Amino acid sequence: MGSRERKRAQRRKRKQRSTQRESDQGPAPEPAAGGATASGSARRELSRSELKDRAAREALVPLAEDERPAAVTVGAVVASLIAAVFWGSAIVALLTDTEVGGSEPGVAPLVLFAAILTLMAWGMWRARYWAVLGFQALLALIMLAAGLGLVGVQTVLQAIGTTLLLAGAGTLFYFMVKALARIQMPQRRPPS
């Protein structure tokens, strides 16, 4: 038996032992009043950060029927503006012989990105979880690119512009986190 198979067998045995121990102990104990978990004679107090997390979750109020957080509205407007720029770029690339960096830009990638941003803007306007999460992923990529771009700036104007882009994307990302927590995850429907 090779070392890989031996490791797999050992891992399987450990997994079986842990699941057997969990089933012998029964269900996990429920939290007692005051933030402590009681299991037999052992008690575990919740840490300060766990208590803060619990209080923050309890303080969140789900969105009303037609409510949209301000950060999500700003995100929808920003996504719409960026999509408009990409739609315009696609039209210019299609109708003219414009060159960027010595070659003509492809129309298909511009249209694809514009369509994705348009869909994302529509979803954020409707306060959809997937759209806000997707826009946050885009903001994270923008922040990463701006942070890396600060390394290679050559002029003061580039440094100012890149820093403003990083600060704006970071601020919008920060405020969208709480808004995302308020938007309830859609319930999965059972297969029909």
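Bear in mind that the values in this text are calculations on the coordinates, not laboratory data. Just so it is clear, the structure is predicted and the values come from calculations on it, not from any experiment. Every residue, glycine among them, receives a Cβ derived from its backbone with ideal geometry; neighbour counts consider all protein chains shown.
With contacts taken as Cα pairs under 8 Å at a separation of at least 6 residues, segment 70-182 carries a relative contact order of 29 percent.
The distance between label points at Phe113 and Ala137 comes to 1.7 nm (points 7 Å beyond Cα on the Cα→Cβ vector).
Length gained on full extension, Ile91 to Glu104, computed as 0.36 nm times the residue gap minus the Cα-Cα distance: 3.4 nm. For Lys178, a cut-off of 28 angstrom between C-alpha atoms picks up these lysines, skipping any fewer than 8 places away in its own chain: Lys52. Each label was represented as a point 7 Å from its Cα along the Cα-to-Cβ direction; for Tyr129 and Leu81 these points are 3.0 nm apart. At full extension, Ile160 and Ala64 could sit 30.6 nm farther apart than now, given 0.36 nm per residue minus the alpha carbon distance.
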